[in-house]
1. Considering only residues that are aliphatic (A, V, I, L, M) and either in contact with a strand residue (DSSP E or B) (Cβ under 7 Å, 6 or more places away or on another chain) or open to solvent by less than 40 Å² (accessible area, probe 1.4 Å) (or both), which ones fall in segment 346-384?
2. Can you name the number of the only condition in (1) within 16 Å of the ligand (Cβ to nearest atom); (2) within 20 Å of Trp265 (Cβ to Cβ) that Ile176 fails?
3. Looking at Thr327, is it farther than 29 Å from Gly225 by Cβ, within 14 Å of the ligand (Cβ to nearest atom) and modelled with pLDDT of 95 or more?
4. Residue under question is Glu248, and the condition is that it be open to solvent by 40 Å² or more (accessible area, probe 1.4 Å), away from the ligand (no atom under 15 Å from the Cβ) and either among the hydrophobic types (A, V, I, L, M, F, W, C) or in contact with a Ser or Thr (Cβ under 7 Å, 6 or more places away or on another chain) (or both); does it hold?
5. Out of segment 251-276, which residues are of a type in the set (Phe, Trp, Tyr) and open to solvent by 30 Å² or more (accessible area, probe 1.4 Å)?
6. Of the residues that sit in segment 263-282 and are part of a helix (DSSP H, G or I) and among the small types (Gly, Ala, Ser), which one is nearest to Leu198 (Cα to Cα)?
7. Has segment 332-341 got any residue that is of a type outside the set (S, T, N, Q), within 16 Å of the ligand (Cβ to nearest atom), touching a residue at least 12 places away in the same chain (Cβ under 8 Å) and open to solvent by 50 Å² or more (accessible area, probe 1.4 Å)?
8. Looking at segment 311-329, I want the residues that are closer than 23 Å to Arg280 by Cα and have a partner that is among the small types (Gly, Ala, Ser) and part of a helix (DSSP H, G or I) with Cβ atoms under 7 Å, at least 6 apart or on another chain. Which pairs are those?
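The values are calculated or read from the model by the stated rules, or taken from the named source; none is laboratory data. Note that the coordinates shown come from a computational prediction; the quantities given were computed from them, not determined experimentally. In this analysis, Cβ positions are derived from the backbone assuming ideal geometry, glycine residues included, and neighbour counts consider all displayed protein chains. Calculation scope for accessible area: heavy atoms of the full protein, side chains included, ligands and nucleic acids excluded. Shrake-Rupley method; radii C 1.70, N 1.55, O 1.52, S 1.80 Å.
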Amino acid sequence: MSNATSQEHTIRPEGGPEKSADGLFSPLKIKSITLKNRIAISPMCQYHSVDGFAEDWHLVHLGSRAVGGAGLVVMEASGVEARGRISPDDLGIYKDEHIEKLKQITTFISSFGAVAGIQIAHAGRKASTRNPWKGGNRHEKEYLTSENGGWEIVGPSPLPFSESSTVPKELTIEEIHAIQDSFAAAAKRAYAAGFKWLEVHAAHGYLLHSFYSPLSNKRTDKYGGSLENRMRNTLETVEKVRAAWPEELPLTVRISASDWAEGGWTPEDSVILARALKERGVDLIDCSSGFIRAGDRYPLAPGWQVPLARKVRSEAGIATGAVGLLTEAEQAHAVIQNGDADLVFIARESIRDPYWPYHAARALGSTVVEDARKVLPKNYSYAI
Ligand SMILES: Cc1cc2nc3c(=O)[nH]c(=O)nc-3n(C[C@H](O)[C@H](O)[C@H](O)COP(=O)(O)O)c2cc1C
């Protein structure tokens with residue numbers, strides 16, 4: 001298996017991150033794919049599906065952000081099986097019938113020069129909750145039962161996410177393997193739907209994170225206990241996905257690079273995990289953090305998770321994505337120029353402004369982007 005990530009600027013496995021002279025609007029080449037700039041639209045659940053199907057809403061939501069100039073547009077967490085959805089309204093990629101509408105969306109995104117990516121996910125013990133705009137909030141959601149549209153939830157151990165959450169059923173080894181196979185099947189569907197960039201969701205307290213975090217995994221078999229055992233499910237899943245996903249296309253993993261909690265997963269653990277993922281052909285680690293337990297508090301500040309991306313990049317020698325409260329053009333440009341990360345993921349700011357890449361180009365000025373209008377499609381750029 002190859003992990004030959006080739007980029008415009010070199011990743012240095014041993015030395016510290018090196019400076020990139022070009023910054024936010026330089027291309028990034030990974031495997032056979034070249035992103036036209038370093039701006040990725042971060043995956044964001046839309047809670048706008050019935051039985052996992054994409055709708056026109058997704059076409060407009062993602063299509064607008066492709067038109068806005070992002071190099072990469074990543075479709076939201078998409079359940080690899082129906083019970084792996086966070087809510088009944090989540091997107092899914094658990095049956096072949098999902099492919100057709102997804103294909104329309106990837107065709108549109110690609111036609112405007114952006115790369116279409118998708119995040120494949122299993123929500124584990126955080127599944128079967130009410131869509132947050134129908135009740136609860138984004139981080140502490142209301143659990144649904146079989147009486148009001150919910151289903152049985154699963155996890156590494158029978159430990160709930162919060163005191164009021166449903167207790168998950170502990171997965172058997174056979175069931176763990178079956179979910180790994182669902183990830184691989186989802187990867188094949190993603191390829192058939194025209195996606196060129198795949199992200200495995202192993203963050204935010206969902207199934208894979210809940211296996212590697214010692215706070216949620218109390219198993220005594222080969223999937224629990226030591227760091228090696230807790231990482232096993234993520235590594236085996238990625239091996240199966242890598243085998244199902246074309247070798248020449250980028251495979252990435254989103255991790256929670258810290259639990260920010262006593263006795264939890266640490267940034268040092270993330271470096272070990274990132275090295276193991278790199279050996280298995282992963283091309284980039286998208287460094288998010290947190291959300292393994294309800295009630296945990298985080299040191300939120302502009303760019304607060306950037307040091308995690310920097311650490312993983314320099315110590316594991318793998319490309320990284322930085323995410324979280326990246327809102328300003330200069331800030332995002334500096335993340336790339338300083339060698340903190342290879343890509344910036346923009347979430348909420350891209351909701352506020354789908355044209356964030358165009359506005360960033362204008363803000364950075366003509367020494368960075370000669371003609372900001374060219375960030376937009378010709379339909380618009382000629383007219384302004
Ligand atoms: C509405 C919404 C939905 C989200 N859905 C996902 C998701 O599907 N997968 C994921 O990994 N993160 C998800 N996130 C987290 C974002 O991708 C991002 O990591 C987080 O919002 C921090 O970035 P920001 O400060 O730019 O918003 C979501 C965030 C928002 C606001």
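1. As a first pass, look at segment 346-384 and keep what is aliphatic (A, V, I, L, M): 346-347, 351, 360-361, 363-364, 368-369, 372, 375-376, 383-384.
Scanning segment 346-384 gives Ile346, Ala347, Ala360, Ala361, Leu364, Val369, Ala372, Val375, Leu376.
2. (1)
3. Numbers: farther than 29 Å from Gly225 by Cβ: yes; within 14 Å of the ligand (Cβ to nearest atom): yes; modelled with pLDDT of 95 or more: yes.
So Thr327 passes the test.
4. On the way: open to solvent by 40 Å² or more (accessible area, probe 1.4 Å): yes; away from the ligand (no atom under 15 Å from the Cβ): yes; either among the hydrophobic types (A, V, I, L, M, F, W, C) or in contact with a Ser or Thr (Cβ under 7 Å, 6 or more places away or on another chain) (or both): yes.
Answer is yes for this residue.
5. First, the residues of segment 251-276 that are of a type in the set (Phe, Trp, Tyr): 260, 265.
Within segment 251-276, just Trp260 meets the criteria.
6. Start the filter on segment 263-282 by keeping residues that are part of a helix (DSSP H, G or I), which leaves 267-279.
Keeping just the survivors that are among the small types (Gly, Ala, Ser) gives 270, 274, 276.
Values: Ser270: 20, Ala274: 16, Ala276: 18 Å.
Among residues in segment 263-282 that are part of a helix (DSSP H, G or I) and among the small types (Gly, Ala, Ser), the one nearest to Leu198 (Cα to Cα) is Ala274.
7. No; the residues of segment 332-341 include none that is of a type outside the set (S, T, N, Q), within 16 Å of the ligand (Cβ to nearest atom), touching a residue at least 12 places away in the same chain (Cβ under 8 Å) and open to solvent by 50 Å² or more (accessible area, probe 1.4 Å).
8. Val312/Ser270; Val312/Ala274; Ala316/Ala274; Ile318/Ala274; Thr320/Ala309; Gly321/Ala309; Ala322/Ala309
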